[in-house]
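Have a look at the structure below, then the notes.
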Amino acid sequence: MTQSWAEDLVARIAGEVRRLRGKEHAALSAAKLSDRTYDIGFGISRSVVADLENGRKKSLDVSELLVLAAALGVSPVQLVYPNLPKGNVEVLPGLDQESHDALRWFSGEAGLMKPTDDWVDDENGEPLEVWARQQFDPKNDRVSIVRDWLQALQAMRKARVQLRNGLSKRESAEHIEAMQFMYEEARKRSEELFRQMTELDMAVGEEAYDA
């Protein structure tokens, strides 16, 4: 089962590579796509591209996935889950998801949906299988904290622009005060997240506002 799942994964990537280089998209020959990979710095030969698309190549390295995506001008995750947004995909052996949920998991936005028997039928006391979204391990998850930090920085910068515009246009005191509050809240949030990332020994640089 596991081997079949892995081969299906490669076949799905191959199908998207073939679609993207087709006439309706990039109109790239296998040779031209290969040339692009060499230009990137990690050459994938024309014969390897052909073997991938024809199903003779049963495995794919992460390096090959990244370079093919770059050569085709798309995110690597699009090659892995091409049937966005609602297409069904076996994201892990025996675990099906809609492609948008697989995308959210792959990108670190949200955990996978998995069946759980934590719920009980009120009438007969029997366990109920309910699908629930799993959470990432907070001790190991670095993606979520970085995303929150970047969002805080964006909110801070937006509030700062609005504050400057309000001052230049001589907006009401209430408006200026509201913008100042939004700016300060976002600034405090970004500093707190920066502190947490520092405690986790993440590569944060020197400034809490540097991103």
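Stretched out straight at 0.36 nm per residue, the stretch from ILE145 to LEU167 would grow longer than its current Cα-Cα span by 4.6 nm. Note on LYS86: aspartates and glutamates with a C-alpha under 13 Å away, same-chain residues under 8 apart excluded, are ASP96, GLU98, ASP101.
Centre-to-centre, using Cα atoms only, the stretch 4-48 and the stretch 77-110 are separated by 20 Å. Accessible surface for the chain, divided over its residues, is 64 Å² per residue with a 1.4 Å probe. Cα centroids of the stretch 125-170 and the stretch 183-201: 12 Å apart. For SER75 and GLU123, the FRET efficiency from 1/(1 + (r/R0)^6), where r spans their Cβ atoms and R0 equals 45 Å, is about 0.45.
Over the stretch 163-205, with every protein chain in place, what whole percent of the accessible area is carbon and sulfur at 1.4 Å, could you tell me? The nonpolar share, carbon plus sulfur, comes to 50 percent.
Each 5 Å bin, from zero up to the one with the longest distance, holds this percent of the alpha carbon pairs of the stretch 1-57: 5, 20, 24, 25, 16, 7, 4, 0. Assuming charge only on the beta carbon of Lys and Arg (+1) and of Asp and Glu (-1), the dipole of the stretch 165-205 about its Cα centre is about 180 debye to the nearest 20.
Of the solvent-accessible surface of the stretch 24-69, computed with a 1.4 Å probe and all protein chains present, 48% belongs to carbon and sulfur.
From helices alone, the chain scores -18000 deg cm²/dmol at 222 nm; the rule is -39500 (n - 2.57) for each run of n ≥ 4 DSSP H residues, then divide by the residue total.
Stretching the chain fully between TRP131 and ARG19 yields a gain of 37.0 nm (0.36 nm per residue, less the alpha carbon separation). If you wrap the tightest convex hull around every Cα atom of the stretch 135-179 and split its volume per residue, you get 68 Å³. Spin-label model, LYS114/LEU84: points 7 Å from Cα along the beta carbon direction are separated by 2.5 nm.
Straight-line cross-link reach from LYS32 at under 16 Å between alpha-carbon atoms covers these lysines, not counting any fewer than eight positions away in the same chain: LYS23. Answer with one residue from LEU95, ILE176, TRP149: the one whose Cα lies farthest towards the positive end of the charge dipole of the stretch 88-199, charges on Cβ with Lys, Arg +1 and Asp, Glu -1. Of the options given, the answer is ILE176. This model, with +1 at the C-beta of Lys and Arg and -1 at the C-beta of Asp and Glu, gives the stretch 20-105 a dipole about its Cα centre of some 280 debye. Among the DSSP helices (H) of the chain, those spanning at least 24 angstrom by Cα along their long axis with an average Kyte-Doolittle hydropathy of -1.0 or more are 2-20, 143-168; this is a geometric and hydropathy rule only.
The values are calculated or read from the model by the stated rules, or taken from the named source; none is laboratory data. Everything numeric here is computed off the predicted structure, so don't read it as measured data. Cβ: placed from backbone, ideal geometry, glycine included. Neighbour counts: every protein chain shown. Each accessible area value is taken on the protein alone, full model and side chains, heavy atoms only, with ligands, DNA and RNA left out. Shrake-Rupley method; radii C 1.70, N 1.55, O 1.52, S 1.80 Å.
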